[in-house]
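The values are calculated or read from the model by the stated rules, or taken from the named source; none is laboratory data. This structure is a prediction, so every number in the text was calculated from the model and none was measured. Cβ atoms come from the backbone with ideal geometry, glycine included; neighbour counts cover every protein chain shown.
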Amino acid sequence: MSAVKIKFCTINLENFFIVKSEYAPNPGIYKSLDKIKWMAKTITEIDADIYMLTEIGGIESLEYFNDIYLEGRYHPIIQTGNSNRGIEVGYLVKKTLPFKYQHSTYKNHPINFLYPHEVE
């Protein structure tokens, strides 16, 4: 059995809300077309197998970005967290990888952690 090399990349896409329109209805909330194209170019040039993305504005934004700007080369995945702004963690996993993957989370598992100043 030969080893498989996997290229990972992590990117903060910073409030990545996009819409199916050439012009964002509210540029203060949605990414501009120039920024979206720049992100797609960067991701294409890096050519990672798995992207771990932060600040994704929902599965709709990630699916649309993958389908339109990345030619559908990836499986878009969102892990909903506890953000009240709808900003999530997302992944793009290349469809051509020679193995199956499974995503698990401990989102609902409490982490009994207190900072020193919080301890009574």
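Descriptive notes on the structure:
- Number of positions in region 29-41 that are outside any loop (DSSP other than H, G, I, E, B), free of Cβ contacts under 8 Å to residues at least 12 places away in the same chain and either over 26 Å from L97 (Cβ atoms) or within 15 Å of the chain's Cα centre (by Cα) (or both): 3
- Restricting region 1-25 to residues that are surrounded by 11 or more Cβ atoms within 10 Å (Cβ to Cβ) and in a loop (DSSP other than H, G, I, E, B), the residue that is modelled with the highest pLDDT: K7
- The condition (being surrounded by 10 or more Cβ atoms within 10 Å (Cβ to Cβ) and either more than 13 Å from the chain's Cα centre (by Cα) or modelled with pLDDT under 95 (or both)) is satisfied by just one residue among E118, E55: E55.
- Considering residues of region 30-52 that are farther than 12 Å from L92 by Cβ and of a type outside the set (D, E, K, R) only, the residue modelled with the highest pLDDT: T42
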